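Asker: After the structure tokens below, expect a handful of questions from me.
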Amino acid sequence: MRAAVVGSGPNGLVAAIELARAGVETTVFEAHARPGGALRSAAPFGEGHIVDLGATSMPFAAMSPALAQLPLAAHGLRWVQPETPMAHPLDDGPAAVLHRDLERTSDGLGRDGRAWRRVHEPIARRMGEVASSVLRPLVPPTGPLPADPLLLASFGLRAAAPAAALARGAFRSEPARALFAGSAAHSWRPLSKPLTASFGVLFGAAAHAGGWPFVAGGSERLAEALVAVLRSLGGEVVTDAPIDDVASLDRFDLVLLDVAPRSAARLLVDRAAPAYLSALRRFRHAPAAAKVDLLLDGPVPWRDPAVAEAGIVHLGGSLAEIAAAERAVVRGALPERPFTLLAQQDAHDASRRPASDRGSREGRRVVWAYAHVPHGCTAPALELVTAQIERFAPGIRDRIVGAIETGPAALERSNPNLVGGDIIGGSIAGTQLLLRPTRSLRPYGTPDPRIWLCSASTPPGGGVHGMSGFHAARAALRAHGIPVPAPMTPSHPTPPHAPLAHHRSGDHR
Ligand SMILES: Cc1cc2nc3c(=O)[nH]c(=O)nc-3n(C[C@H](O)[C@H](O)[C@H](O)COP(=O)(O)OP(=O)(O)OC[C@H]3O[C@@H](n4cnc5c(N)ncnc54)[C@H](O)[C@@H]3O)c2cc1C
């Protein structure tokens, strides 16, 4: 049996690995010159300063059953775990800080510390089970039933709420509310919408469980390790190979498409009924990212030095301000102060800096950031992002020695899956969290029994976890009567969940 996978993002590569593990001869076709999709990295500011062109902080990779089973460490993958995954600076007073250690986080949140534990600890403690329950299609019968329906139900009760309502109900002060709102904004939905709390709870609990790791040396190293695993199983990756017509893949028994729904509709035009093609074209995309990378002549001059310790910094101010900015973006308006994510990878990973600079606490630093802007936004964002950083790091402008803006259109040019600058593979509005890319209970199948969908626009959705590819490959194998392979020996790509292991119990219930 022979299979083709179109697209080499994390989902395409994981799908290819699952097929190869089942004994299928697998070839990945990638339009770009290098594999990886939104995992690519480069050195646009000059040799030695590594910049992630797409994903950087990977809580879902840390909890992904598909990645955990692969011998990625044997192929050079190393995770870098900031002990402080995230900080959220505020205009008045110190920043709210999310540490891996739950107790340290609770202590820092003062009178909201106990409530923080109540919301996050039950999920963090059982993150492995929660992850395997949510990183799959959420509507039976497409996925297996969760191992512990009660656990999922208790998560679901909280998760179903709007994030703003949970934050206001559970927490009494701004730091905890804002900290939660920043994580919930990863839903790319107005925080008044149902289910947005699930993102706040999941991202917060993930920080306390598996962390929000970076890939040492740049995210592309994860793509390289996945390609190496695939090659070790006899698979291959062909780059500079855009697929514009599935007829060119007729020699393959199976074809998996790691492409956006509208690209799939184009590829399937002669292979599927018009109703299915229109359903794919109706798929709704999320707002966009406007990415800004800065080269600084030294570390970011944060007003609160605690922010310097964090891997990720959420720049958005209070819960109310983040909620208003996210509401505006979904309506198509560019906020004056857009919610902005900032990463300071090279503060935690010297291998992302030039060798000459590695021993020094000073030296040039890269800042990776993106702002939430309306879908397809064409307005420049560099100034807005810089102003948002300067608000919490006065004097940063004087340190900028290089700046690159990659707006929504440029993101889409670099990778056609990033439609209109949507970096999460589609909105979760309406039914699209549960049923995607069409309202079908067979999310991966298409009307052509040879052709399957596996991008982040299929369940469980955006983020680096490879689980869309994992489930799609297994669905395709089962449909063709090929036994799905047993898990490979786990290589423990993430460190043990130490911060929860030594927590003080009994004082928070
Ligand atoms: C700027 C940015 C920041 C992000 N930050 C994070 C983060 O910090 N953490 C996180 O978890 N996630 C993050 N994400 C999201 C995450 O990267 C994606 O959800 C994930 O990469 C999706 O994987 P995928 O395999 O579905 O598609 P992609 O990674 O988008 O890969 C798709 C690949 O398919 C190729 N392709 C498409 N059409 C064709 C064709 N017709 N022929 C051949 N090849 C084709 C493309 O060139 C591309 O290489 C970010 C994404 C971006 C862009």
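Asker: How do 6-14, 92-100, 176-184, 236-244 rank on mean C-beta neighbours within 10 Å, highest first?
Answerer: Working: 6-14: 30.7, 92-100: 20.2, 176-184: 28.1, 236-244: 14.4.
In decreasing order of mean packing, 6-14, 92-100, 176-184, 236-244 become 6-14, 176-184, 92-100, 236-244.
Asker: Using the crude model of +1 on Lys and Arg Cβ and -1 on Asp and Glu Cβ, and no other charge, please compute the dipole size for region 146-233 relative to its Cα centre, in debye to 20. Walk me through the numbers on the way to the answer.
Answerer: On the way: 8 positive and 4 negative charges, 61 e Å.
The calculation lands at about 300 debye.
Asker: Angle, helix 220-232 long axis vs. longest principal axis of the chain, Cα atoms, 0 to 90°, nearest 10?
Answerer: 30 degrees
Asker: Now for a separate question. Which peptide among 30-43, 364-377 comes first, and what is the full order, when sorted by highest mean count of other Cβ atoms within 10 Å? Could you put the intermediate results ahead of the total?
Answerer: Details: 30-43: 21.1, 364-377: 23.5.
Descending packing order for the listed peptides: 364-377, 30-43.
Asker: So what is the relative contact order of region 33-73, in percent, for Cα pairs below 8 Å that sit 6 or more residues apart?
Answerer: On the way: 28 pairs, mean separation 11.0, N = 41.
Once divided by the residue count of region 33-73, the mean separation gives 27 percent.
Asker: If you take the Cα Rg of region 375-426 and divide it by 2.2 N^0.38 Å, with N the number of residues, what do you get?
Answerer: On the way: Rg = 13.4 Å, N = 52, 2.2 N^0.38 = 9.9 Å.
Taking the Cα Rg and dividing by 2.2 N^0.38 Å, one obtains 1.36.
Asker: Just going by the charge dipole of the chain, with Lys and Arg at +1 and Asp and Glu at -1 on Cβ, which of 130, 325, 80 is farthest out on the positive end?
Answerer: 130
Asker: Can you pull the Rg over Rh of region 1-62, Cα-only, Kirkwood? It would help to have the intermediate numbers written out before the result.
Answerer: Numbers: Rg = 14.2 Å, Rh = 13.1 Å.
In region 1-62, Rg relative to Rh is 1.08.
Asker: As a test of the formula, what do you get for the chain when each DSSP H run with n ≥ 4 contributes -39,500 (n - 2.57) and the sum is divided by the residue count, at 222 nm and rounded to the nearest 500 deg cm²/dmol? Intermediate results must be reported in sequence, preceding the final value.
Answerer: Details: 18 runs with 167 residues, N = 509.
Rounded to the nearest 500, it is -9500 deg cm²/dmol.
Asker: Pull up all non-local amide H partners of residue 237: gap of 5 or more, or a different chain, and H-to-H distance under 5 Å with H placed in the peptide plane.
Answerer: 28
Asker: Rounding to the nearest 10 and keeping the result within 0 to 90°, find how far the Cα-based axis of helix 10-21 lies from the longest principal axis of the chain.
Answerer: 40 degrees
Asker: Write down the percent of antiparallel bridges among all DSSP beta bridges whose residues are both part of the chain, to the nearest 5.
Answerer: 65 percent
Asker: Indicate the gyration tensor shape class of region 11-154 (rounded, prolate or oblate), computed on the Cα atoms with a ≥ b ≥ c the square roots of the eigenvalues: a/c under 1.5 is rounded; otherwise a/b larger than b/c is prolate and the rest oblate.
Answerer: Numbers: a/c = 2.65, a/b = 1.26, b/c = 2.11.
Cα axes put region 11-154 in the oblate bin.
Asker: While we're here: Once a ≥ b ≥ c are taken as the square roots of the eigenvalues of the Cα gyration tensor of region 417-461, is the result rounded (a/c under 1.5), prolate (a/b larger than b/c) or oblate (a/b not larger than b/c)? Could you put the intermediate results ahead of the total?
Answerer: Working: a/c = 2.62, a/b = 1.42, b/c = 1.84.
Verdict is oblate for region 417-461.
Asker: Taking loop as defined by DSSP and a crowding limit of 12 other beta carbons within 10 Å, which GluC sites (Glu not before Pro) in region 338-429 fit? Walk me through the numbers before you get to the answer.
Answerer: Values: sites: 362, 383, 390, 405, 412; in loops: 362.
Those that pass, being in a loop and sparsely packed, are 362.
Asker: Which angle between 0 and 90 degrees, to the nearest 10, do you get for helix 113-125 versus the longest principal axis of the chain when only C-alpha atoms count?
Answerer: 20 degrees
Asker: Find how much the distance from residue 47 to residue 269 grows on full extension, using 0.36 nm per residue of separation minus their present alpha carbon separation; answer in nm with one decimal.
Answerer: Working: separation 222, 0.36 × 222 = 79.92 nm, distance 4.39 nm.
Stretched out fully, the residue 47 to residue 269 stretch lengthens by 75.5 nm.
Asker: Now for a separate question. For region 204-332, rounded, prolate or oblate, judged on the Cα gyration tensor with a ≥ b ≥ c (square roots of eigenvalues), a/c < 1.5 rounded, else prolate if a/b > b/c?
Answerer: Details: a/c = 2.79, a/b = 1.52, b/c = 1.84.
Note, shape of region 204-332 comes out oblate.
Asker: Once the dipole of region 288-444 is set up with Lys and Arg at +1 and Asp and Glu at -1 on Cβ about the Cα centre, which of 295, 407, 310 lies farthest towards its positive end?
Answerer: With unit charges placed on the Cβ atoms, the residue in question is 407.
Asker: On to the next question. What relative contact order, as a whole-number percentage, does the chain give when Cα pairs under 8 Å and 6 or more residues apart are counted? Provide the component values of the computation, followed by the final result.
Answerer: On the way: 1174 pairs, mean separation 135.2, N = 509.
Relative contact order of the chain: 27 percent.
Asker: Net charge within 12 Å of residue 217 by Cβ-Cβ distance, Lys/Arg positive one each and Asp/Glu negative one each, not counting residue 217 itself?
Answerer: Values: positive: 78, 221, 352, 353; negative: 52, 220, 224, 346, 349.
Net local charge, residue 217 excluded: -1.
Asker: For a quick check: with amide H placed at 1.01 Å from N, whose amide H comes under 5 Å from residue 402's, ignoring anything fewer than 5 positions away on the same chain?
Answerer: 295
Asker: Using just the C-alpha positions of region 332-473 as equal point scatterers, what log10 of I(q)/I(0) does the Debye formula give at each q in 0.10, 0.11 1/Å?
Answerer: -0.50, -0.59
Asker: Given charges of +1 on the Cβ of Lys and Arg and -1 on the Cβ of Asp and Glu, with all other atoms neutral, how large is the dipole of the chain about its Cα centre, in debye to the nearest 20? Let's see the in-between values first.
Answerer: Working: 52 positive and 45 negative charges, 277 e Å.
It works out to roughly 1320 debye.
Asker: For region 334-378, what's the relative contact order in percent, using C-alpha pairs closer than 8 Å and at least 6 residues apart? Before the final figure, lay out each step's value.
Answerer: Values: 39 pairs, mean separation 24.3, N = 45.
Rounded, it is 54 percent for region 334-378.
Asker: What is the mean projected area of the alpha carbon convex hull for the chain, to one decimal in square nanometres? Please list the in-between numbers first.
Answerer: Numbers: hull surface 86.0 nm².
Hull-based average projected area comes out at 21.5 nm².
Asker: So who's got an amide H within less than 5 Å of the one on residue 285, skipping anything under 5 residues away but keeping other chains? H placed 1.01 Å off N, in plane.
Answerer: Under 5 Å from the amide H of residue 285 lie the amide H atoms of 427, each far enough along the sequence or on another chain.
Asker: Taking the beta-carbon count within 10 Å as an exposure proxy, list 482, 424, 322 from fewest neighbours to most. Mind dumping the intermediate values first?
Answerer: Working: 482 17, 424 20, 322 30.
By the 10 Å Cβ count, ascending: 482, 424, 322.
We did not get these values from a lab; they are worked out from the coordinates using the rules stated. Just so it is clear, the structure is predicted and the values come from calculations on it, not from any experiment. Ideal geometry is used to build each Cβ from the backbone, glycine not excepted, and the neighbour counts take in all protein chains shown.
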